[in-house]
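Below is one structure, written out as structure tokens; the observations come after it.
No value in this document is a laboratory result; all are computed from the given coordinates. As the structure is a computational prediction, the values presented were derived from the model and not from experiment. Backbone-built Cβ (ideal geometry, glycine too); neighbour counts: all protein chains shown.
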Amino acid sequence: MSCQPVELVVLVSGTGTLLQAILDNQPTSGDGGYRVTLVVADKECPALDRARRAGVEAAVVEMEADRGAWNARLAETVAAAHPDLVVSAGFMRILGPEFLERFQGRTINTHPSLLPAFPGADAVGDALAYGVKVTGCTVHYVDAGVDTGEIIAQRAIAVEDGDTKESLHERIKQAEREQIVALLGRAQLHQETGNGKVTF
Ligand code: GRF
């Protein structure tokens, strides 16, 4: 039985090195695997240029004062691509109820710490400031909390003497890139159960 590729929308906000790894490792033929059909950002950013260079549609849903309206517009933009899975990879905004009511259970995020330790926007800085000897990265389902959803996968990274926030974050991002690509490579869409659930 041929397996259809899992169709992804990727949410980004910044440099897009995680997105680049996802694009570079898209299976080009054969059964299964995944395919990025749309990349969406909350602002113009280098990650969108990476999508364009790869020939993938890129869209901006500009942040606005009314967060509910922004989440609704984001949901509409993502829904138009009919994704099986939404991947937040370097996306720096909190997804609200207007988005999650449509995509909770089908949205995953990669975070640069071993959750539940160090949630939030400065996970690497917080871990370094705390003085942990081991940190890492986590892929989790997105729920209504901040980095609180069910954990799917984790990788540990040792903090080295002399590490700066930048040097530690780059090693964590290398692990994130490997982890998200490995995870998406084994993603499976369960249409037969009718709920279109994706498992890993
Ligand atoms: C990653 O560490 C991600 O977990 C965090 O921001 C970083 C994004 O890196 N939210 P890039 O934009 O993909 O290079």
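Among P97, P46, P116, the largest mean-square fluctuation in a Gaussian network model of the chain, built with springs joining Cα atoms closer than 10 Å, belongs to P116.
From most to least packed by mean Cβ count within 10 Å, the peptides 71-77, 105-111 give 105-111, 71-77. The peptide list 32-38, 131-137, put in order of mean Cβ contacts within 10 Å with the highest first, becomes 32-38, 131-137.
Calculated [222 nm] ellipticity per residue, helices only, for the chain: -10000 deg cm²/dmol; basis is -39500 (n - 2.57) per DSSP H run with n ≥ 4, divided by all residues, nearest 500.
Inter-label distance, T199 to Y130: 3.2 nm, where each label sits 7 Å from its Cα along the C-beta direction. Taking label points 7 Å from Cα along the Cα-to-Cβ direction, A182 and R35 give a separation of 2.7 nm.
Once the C-beta distance of R67 and I152 is scaled by a Förster radius of 25 Å, the resulting FRET efficiency is 0.40 to the nearest 0.05. Selection among A41, Q20, T164 by position relative to the dipole of the chain gives Q20 as farthest towards the positive end (Cβ unit charges, Cα centre). Candidates A121, T148, L183 compared by Cα position along the dipole of the stretch 98-200: farthest toward the positive end lies L183, with charges placed on Cβ. If you plug the beta carbon distance of H190 and D143 into 1/(1 + (r/R0)^6) with R0 = 25 Å, you get a FRET efficiency near 0.80. Using a 10 angstrom cutoff on alpha carbons, build the Gaussian network for the chain and name the most mobile of R177, R53, R67. Of R177, R53, R67, the most mobile in the Gaussian network model is R53.
Close amide H partners of A153, meaning residues 5 or more places away or on another chain with modelled amide H under 5 Å apart, are V139.
Between A79 and E160, residue separation times 0.36 nm minus the direct Cα-Cα distance comes to 24.9 nm.
Highest mobility in the GNM of the chain, judged by mean-square fluctuation with C-alpha springs under 10 Å and restricted to T164, T138, T148, is found for T164.
For the pair A117 and E44, label points projected 7 Å from Cα toward Cβ lie 4.0 nm apart. Think of each Lys and Arg Cβ as +1 and each Asp and Glu Cβ as -1; about the Cα centre, that makes the dipole of the chain roughly 320 debye.
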